[in-house]
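Data block below; observations after.
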Amino acid sequence: MPVASIRSFSGGIVPRLDKRLLRDDQAQIAQNAVITSGAMVPLNEPLDVYTTAKAGDLMSAHRLTDANGDDVWLTWTTDVDAARASLGNDPDQRVYYTGDGEPRVTNLTMATSLSDNQYPDACYVLGIPTPASAPTVGTVTGGSAANETRAYVYTFVSITTQSDGSTLEEQGPPSDATSQTGKADGTWPLTGLPTSLNNSNTITSKSHSAGISTIGATSTAYLRVGEYVRDGTARFRLTEITSSTSFKVDDPANAFAASGTWTRDAPHNTTGLVKRVYRTDSAGTYQMVADVALATSTLNDTTLEADLPGVALESQTYLQPPTDLTALISIPNGCLVGISGRNLCYSEPYQPHAWPAANQKALDWNGVSLGSLGNTVIVTTEGSHYVAVGSDPASVTPEKAVSMYPCVSKRGTAPTPYGVAWPTHDGIAIQTPSGADLMTKSLFTRREWELIDGASIIATVHGGRYVASYRMLGAEVTSIMLLDPGDTPAMFAATPQATGIYSDPRTGSLYLLDGPLVKKWDAGVRAQMDWLSKEFVQPFPINWQAAKVDVSFFQSSAEANALADAYDAAALANEATSATAHDWKGGELGAGAISMLALCAPNLDNLPVVEYDQCGFYLYKDGEPNFYQRVTDSRPFRLPTGYTSDNNAIRIIGNVTVRSIVLGTSINALREG
């Protein structure tokens, strides 16, 4: 006797295959189901965990924790890449990020300094600037020793006292050198040391042409093209430093103020900043002389060479990162890594503020995104991708891949347990230790893949799966795809909407960003699961007369009744409160003193969320639903008579666990299935 059965649901969706050529465990629809054991278990809806006060849809997020262990969410409405660096000691939770202007750094205290629920509230520009001028060394006075010639330089050093009392020291590159000759034991006077990093200054003039404003300023020292300044109300991107007293900004609306004060959007950290003075010793090596407070512009050097602290200058190459750095990641060797145009850029190991020019590696194409396999960095571009191998950033040489898998969505790049994956024109590409391939080649051909808007893909990895939000071409809503990589890839779908995705590296939890909300994945009430099987084809038309769904319910009938009673009781209590709390009961808003009504009255009880077990069985004939049965247990049930078909499909819609489904031409036939 003919039997059709589904004993496993682990095959997922295979868009490239005809619905009649699918395996029995594969499906036309596999939505909102968790398939890890072969059984079909309902996914839970995302749970709202945070709402930002920022305007606009959230695109990026990063989670910190406060002293009480509570979540603190840093969120952005732009495409931001945030990373923690290997610092050895980081009690203040420093976060480095790109995508919100020039590269920046914040920490828990700064990020929440305004308590305005629009975090991060404050930040600093990443890196320590190169001094704008050389020191002035005057005539040496006094002394009786032989003459010698010295060269003097200085650096800026940021010395931060952390919350646990430790200090974090970040040093920038040296100034130009100034040489002088005099008695070795004389007094060597240094003057002209800067007393400001020009975090703000006076607007002296303004002109506007073709969407660009030219701003006159008292000084443009320490500004760089690509950084952002504010005029008090809005921020503007610097496009050109025209002179020591003039700069240009993008200003299509001609909105930059014509007077007042401009400030850096991301200021230099001048708290604890000092100038560290160095001079050459008898071997020509720059040795530290002394630290000079930022507010002090002079130093009289009377230190003999034998009495120098013995600290040599090591930050000659410690430049700030490029202002257009993007795609920031952290790798195990202590480096931060990013992309600047056609350059792959590394920081110095364990020095996230220092980005030597020698650590920039040229690419043939504009870089798009980064992922890592240990210290190996995968660089996707607008053309071929690169594999950069090595622990020492100075010696890394990116190798261009032979395959051409251009990345079509930066936000769709994610590391998986098998390799780094990213969207390309033909599907999801993946670079593994053994090479590059299309992870989705058994699921999609280019014909099916082109129905997806590749640029809309936002992805991360969760539970070993590549989890991506995407939009079909022409669609307004998004969907979620969950890809199991490996030897036999499988794909499943989910319905939650997302404007961004964040995977917490500390907890492994997945979060969706949806408008102003941060939602925890699979943490709310059970979602409506939807599974439509392959189309089973028989050699001749038959009449299926019985079916059995092996199903497990989460609640007993008594529990379901209790939930209904709790809901009804709360609804009745609210109705009574609404009827007695005021004397306005009509439906005409204009008829009562609406301003006197407590529209959000705290004395109204929130109605409990009622989550009922439900499972619906649908039998399809010739591609259309032919029969529906509400499933309440795992016992067999009869199907309608009077029809025959040589092709049928089975659909299950519900929120309970389903282990198997069997069709038979009789009740007895089910036992054989």
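The values are calculated or read from the model by the stated rules, or taken from the named source; none is laboratory data. Treat the numbers as computed from the prediction; the structure is a model and nothing was measured. Using ideal geometry, Cβ is built from the backbone for each residue, glycine included, and neighbour counts are taken over all protein chains shown. Calculation scope for accessible area: heavy atoms of the full protein, side chains included, ligands and nucleic acids excluded. Shrake-Rupley method; radii C 1.70, N 1.55, O 1.52, S 1.80 Å.
Rank by packing, highest mean first: peptides 493-502, 94-103, with packing defined as the count of other Cβ atoms within 10 Å averaged across residues.
Working: 493-502: 20.9, 94-103: 23.1.
Highest to lowest by the protection proxy: 94-103, 493-502.
Solvent-accessible area of the stretch 318-419 (1.4 angstrom probe, protein heavy atoms only): carbon and sulfur portion equals 52 percent.
In summary, the lysines within cross-link reach of LYS361, defined as a Cα separation below 19 angstrom excluding same-chain residues under 8 places away, comprise LYS400.
Straight-line cross-link reach from LYS248 at under 15 Å between alpha-carbon atoms covers these aspartates and glutamates, not counting any fewer than eight positions away in the same chain: GLU227, ASP231, GLU240.
Please work out the FRET efficiency for the pair ALA523 and ASP164, using the Cβ-Cβ distance as r and a Förster radius of 35 Å; give the result to the nearest 0.05.
On the way: r = 33 Å, r/R0 = 0.95.
Once rounded, the FRET efficiency stands at 0.60.
So for the stretch 196-312, considering every pair of alpha-carbon atoms, how many percent are separated by more than 17 Å?
Value for the stretch 196-312: 62 percent of Cα pairs lie more than 17 Å apart.
Between VAL537 and ASP281, the modelled labels are 8.5 nm apart [label points 7 Å from Cα along Cα→Cβ]. For the chain, averaging the sequence separation of C-alpha pairs within contact (under 8 Å, six or more residues apart) and dividing by the residue count gives a relative contact order of 16 percent.
Checking the Cα-Cα distances for LYS410/LYS520; LYS275/LYS410; LYS183/LYS275; LYS54/LYS410 against a 30 Å cut-off, the pairs over it are LYS275/LYS410.
Rolling a 1.4 Å probe over the protein heavy atoms gives the chain an accessible area of 44 Å² per residue. With a Förster radius of 56 Å, plug the Cβ-Cβ distance of ASN668 and SER115 into 1/(1 + (r/R0)^6) and report the FRET value to the nearest 0.05. Once the sixth-power term is evaluated, E becomes 0.20.
Which trypsin sites (Lys or Arg not before Pro) does the stretch 259-347 hold that lie in a coil by DSSP with at most 16 other beta carbons within 10 Å?
Numbers: sites: ARG264, LYS275, ARG276, ARG279, ARG342; in loops: ARG342.
Counting only loop positions with at most 16 other Cβ atoms within 10 Å, the trypsin sites (Lys or Arg not before Pro) in the stretch 259-347 are ARG342.
Peptide packing: for 523-533, 624-634, the average count of neighbouring Cβ atoms within 10 Å per residue gives the ranking 523-533, 624-634, highest mean first. Highest-first packing order for the peptide set 121-133, 439-451 is 121-133, 439-451, based on the mean count of other beta carbon atoms within 10 Å.
Using a 1.4 angstrom probe on heavy atoms only, work out the carbon and sulfur share of the accessible area of the stretch 44-163 in %. Working shown, then result.
On the way: 2120 of 4660 Å².
Reported share for carbon and sulfur atoms: 45 percent.
Straight-distance candidates among the aspartates and glutamates for linking to LYS19, with alpha-carbon spacing under 20 Å and chain neighbours fewer than 8 residues away dropped: GLU448, GLU450, ASP530, GLU535, ASP622, GLU624, ASP646.
Helical runs assigned H by DSSP (4 residues or longer) give the chain a calculated mean residue ellipticity at 222 nm of -1500 deg cm²/dmol, each run adding -39500 (n - 2.57) before division by the residue total.
Starting from the Cα of LEU304, step 7 Å toward the Cβ, then list every residue of the stretch 171-188 with an amide N under 15 Å from that point. Residues 183-187 qualify, since their backbone N sits under 15 Å from the label point.
Evaluate the chain: find the radius of gyration of its Cα atoms, find its Kirkwood radius, and give the ratio Rg to Rh.
Working: Rg = 32.9 Å, Rh = 29.9 Å.
Checking Rg against Rh, the ratio lands at 1.10.
The share of accessible area on the stretch 190-268 that comes from carbon and sulfur is 49 percent, using a 1.4 angstrom probe.
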